[in-house]
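**Student:** One structure, as structure tokens, below. Some questions next.
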Amino acid sequence: MSVASPVDTPATPAAVAVPAAPERLRVARVTLPPPTSLPRRILKHPRLMHHHRLVALVLTANLALLGHALTHGRWWSTDHTNLKAISSAVLANFALAILIRQQYVINLLFWLATRAPTRWPLRIRWTLAKVYHFGGLHVGGTLAGTLWFLVFVASATTAAHRGEPVPISLLVVSYLLLALLSVIVTTARPTYRARHHDRFERVHRFGGWTALALFWTQTVLFVRADHDRNLLTAPQIWVLAILTVSVALPWLRLRRVPVEITRPSSHVALARFDHGATPFAGSSTAISRRPLWEWHSFANVPAPGETGFRLTISRAGDWTGSFIDDAPSHVWVKGITTAGVANIETLFTKVVYVATGSGIGPVLPHLLARKVPSRLVWATRSPRTTYGNALVDEILADQPDAIVWDTAEHGKPDMVQLAYAAYEAFRAEAVICISNKKLTWQVVHGLERRGIPAYGAIWDS
């Protein structure tokens with residue numbers, strides 16, 4: 001089958017291509033279902049997505065803890081400040097923020113969420129599939145931990161002025177750490193991160209390592225100030241040790257590996273790895289040419305029955321452009337193979353994959369693995385010219401009924417209607433969209449507000 005496109009009908013908002021036979025497509029007019037009830041539409045709004053709900057949950061729990069501290073807990077009194085309790089609140093929140101980003105923890109969350117059988121009610125599976133919103137716990141824990149640390153510094157300063165035994169060295173380190181945490185949180189704002197991603201990444205990495213070192217210093221000083229406690233028996237020391245191992249673990253797997261690069265066009269590089277690791281379908285690998293400065297994650301594409309894997313790297317900035325134009329012979333890899341959003345596919349009996357451009361990279365391993373019956377909708381510019389005949393033929397061999405819309409010939413389609421047409425024709429239970437941020441939101445929100453389970457990346461890190 002050749003690349004499918006609606007060759008007889010121009011792209012209009014009302015017309016979408018749906019497969020009619022292996023060798024051709026026919027045009028069908030589809031009517032999107034009406035939006036669901038107002039309360040359900042409100043809950044499906046992006047501002048109320050599960051990521052934000054988890055942020056709100058963590059902050060609400062901390063507000064409840066603050067209420068307890070101000071009343072029954074009596075953390076502050078006229079002659080004493082319970083700095084130990086405040087410090088524990090700081091550490092608990094930062095432990096949540098760090099551990100929820102640990103690769104083994106992420107894989108465990110996906111594994112637990114996808115244990116539900118497809119015979120369970122769709123509404124339950126619909127919610128479980130939102131597991132990839134776990135980043136809300138990271139954001140909530142970081143914000144709450146920083147605010148609690150501000151409270152700790154203010155309380156320790158007040159206690160020192162009041163004559164309580166607070167070492168000056170503890171205050172100095174605490175103020176340094178508070179300033180650093182403020183910089184990290186400020187540069188992690190979504191708007192700043194989108195405009196200055198490389199700077200955000202470096203601040204997050206080097207600032208995070210420095211903050212961890214300062215936390216160790218501050219905690220040792222704090223425990224030693226309490227003469228009734230020993231370092232080895234202090235719970236804070238052991239929690240910090242766990243967090244340090246969690247942060248260090250990906251870097252302990254750092255190595256330089258060979259890579260074979262083929263370039264179907266000046267827009268795409270296909271990177272082939274075979275260094276003894278065959279990751280599972282739907283996972284991602286981070287690669288770098290300068291491991292201390294920047295890392296970029298791409299979806300792994302293992303081929304059934306073969307060792308190694310491929311990465312599809314499209315021109316999307318200075319780093320990817322340099323990678324394509326000046327292909328390296330070796331790159332650095334680190335970390336643990338980590339589950340991605342589309343791993344939630346096993347919660348459904350059938351899924352429709354919607355991809356645009358290089359979004360085909362994260363989708364392809366799921367199509368090849370065939371864990372779940374799926375249908376592909378792929379809108380891209382000149383697919384054979386851009387990605388090469390070999391890759392397109394591989395896709396069509398696995399997905400003979402795929403809708404491949406050539407935007408160079410027929411313009412940009414209405415992706416919500418295109419996705420819905422495939423969803424209806426395939427009698428799917430869910431839609432998974434891999435695209436840029438704007439279009440992903442259009443598809444996911446456009447379908448969810450009409451009562452159709454839809455999923456896509458949320459760009460929370």
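**Student:** Every residue in region 196-242 that is basic (Lys, Arg) and modelled with pLDDT under 85, please.
**Tutor:** Passing the criteria: only ARG229.
**Student:** Looking at this structure, is ARG229 outside any helix (DSSP H, G or I) and in the same structural domain as PHE152 (by TED's automatic domain parsing)?
**Tutor:** yes
**Student:** Can I ask one more? With respect to the numbered conditions (1) within 22 Å of LEU364 (Cβ to Cβ); (2) not in a loop (DSSP other than H, G, I, E, B), which one is the sole condition not fulfilled by ARG256?
**Tutor:** The number of the failed condition is (1).
**Student:** Do you know which residues across region 286-328 are under 23 Å from the mean Cα position of the chain (by Cα), at pLDDT below 85 and among the aliphatic types (A, V, I, L, M)?
**Tutor:** Correct list: ALA316 only.
**Student:** Go over the candidates ALA113, ALA92, ALA129 one by one and state the one that is more than 30 Å from THR349 (Cβ to Cβ) and surrounded by 12 or more Cβ atoms within 10 Å (Cβ to Cβ). Full working, then the answer.
**Tutor:** Working: ALA113 fails: more than 30 Å from THR349 (Cβ to Cβ); ALA129 fails: more than 30 Å from THR349 (Cβ to Cβ).
Only one candidate passes the filter, namely ALA92.
**Student:** Now for a separate question. If the Cβ limit is 8 Å and pairs must be 6+ apart or interchain, which residue in region 228-253 that is more than 18 Å from PRO291 (Cα to Cα) pairs with which residue that is modelled with pLDDT under 95 and basic (Lys, Arg)?
**Tutor:** LEU231/ARG224
**Student:** Which numbered condition in (1) closer than 29 Å to LEU221 by Cβ; (2) crowded, with 20+ Cβ neighbours inside 10 Å; (3) β-branched (Val, Ile, Thr) is the only one that VAL55 fails?
**Tutor:** Failed condition: (1).
**Student:** Applying the selection to region 297-314, what residues are crowded, with 18+ Cβ neighbours inside 10 Å and of a type outside the set (S, T, N, Q)? Talk me through it step by step, then tell me what you get.
**Tutor:** Kept after step one, since they are crowded, with 18+ Cβ neighbours inside 10 Å, are these residues of region 297-314: 298-302, 309-314.
Selection gives PHE298, ALA299, VAL301, PRO302, PHE309, ARG310, LEU311, ILE313.
**Student:** Looking only at region 48-91, count every residue that is in a loop (DSSP other than H, G, I, E, B) and under 30 Å from the mean Cα position of the chain (by Cα) and tell me the total.
**Tutor:** 1
**Student:** May I pose another question? Which of the residues spanning region 386-406 are in contact with a strand residue (DSSP E or B) (Cβ under 6 Å, 6 or more places away or on another chain) and more than 23 Å from ILE344 (Cα to Cα)?
**Tutor:** THR386, TYR387, GLY388, VAL404, TRP405
**Student:** Scan ASP398, ASP406 and give me the residue that is surrounded by fewer than 20 Cβ atoms within 10 Å (Cβ to Cβ) and within 25 Å of VAL268 (Cβ to Cβ).
**Tutor:** Sole residue among the options that is surrounded by fewer than 20 Cβ atoms within 10 Å (Cβ to Cβ) and within 25 Å of VAL268 (Cβ to Cβ): ASP398.
**Student:** When you scan region 407-423, do you find a residue that is closer than 30 Å to PHE200 by Cβ and modelled with pLDDT of 95 or more, even just one?
**Tutor:** no
**Student:** Please pick out the residue among PRO117, PRO165 that is outside any helix (DSSP H, G or I) and free of Cβ contacts under 8 Å to residues at least 40 places away in the same chain.
**Tutor:** That would be PRO117, the only listed residue that is outside any helix (DSSP H, G or I) and free of Cβ contacts under 8 Å to residues at least 40 places away in the same chain.
**Student:** Within region 419-444, can you find the residues that are over 30 Å from ARG119 (Cβ atoms) and either out of contact with any helix residue (DSSP H, G or I) (no Cβ under 6 Å at 6 or more places or on another chain) or assigned to a helix (DSSP H, G or I) (or both)? Working first, answer last.
**Tutor:** Of all residues in region 419-444, those over 30 Å from ARG119 (Cβ atoms) come to 435-439, 441-442.
The answer is ASN436, LYS437, LYS438, LEU439, TRP441, GLN442.
**Student:** For region 312-333, name all the residues that are under 27 Å from VAL203 (Cα atoms) and in contact with a strand residue (DSSP E or B) (Cβ under 8 Å, 6 or more places away or on another chain).
**Tutor:** Across region 312-333, the qualifying residues are ILE313, SER314, ARG315, TRP319, THR320, PHE323, ILE324, PRO328, HIS330, VAL331, TRP332, VAL333.
**Student:** Please list, ordered by residue number, the helices (runs of 4 or more DSSP H) wholly in region 308-412 having 2 or more residues that are free of Cβ contacts under 8 Å to residues at least 12 places away in the same chain and assigned by TED's automatic domain parsing to the domain that holds TRP126.
**Tutor:** Answer list for region 308-412: none.
**Student:** Taking the condition more than 24 Å from GLU164 (Cα to Cα), modelled with pLDDT under 50 and not assigned by TED's automatic domain parsing to the domain that holds GLN417, does PRO6 pass?
**Tutor:** yes
**Student:** Just checking, does region 345-352 include any residue being over 29 Å from HIS52 (Cα atoms) and surrounded by 18 or more Cβ atoms within 10 Å (Cβ to Cβ)?
**Tutor:** Scanning region 345-352 turns up no residue that is over 29 Å from HIS52 (Cα atoms) and surrounded by 18 or more Cβ atoms within 10 Å (Cβ to Cβ).
**Student:** What are the residues in region 293-307 that are without any contact (Cβ under 8 Å) to a residue 40 or more places away in the chain and part of a loop (DSSP other than H, G, I, E, B), if any?
**Tutor:** GLY305, GLU306, THR307
The values are calculated or read from the model by the stated rules, or taken from the named source; none is laboratory data. Computed from a predicted model, the values in this text were never measured in an experiment. Quick reminder, even Gly has a Cβ in these numbers, built from the backbone with ideal geometry, and neighbours come from all protein chains shown.
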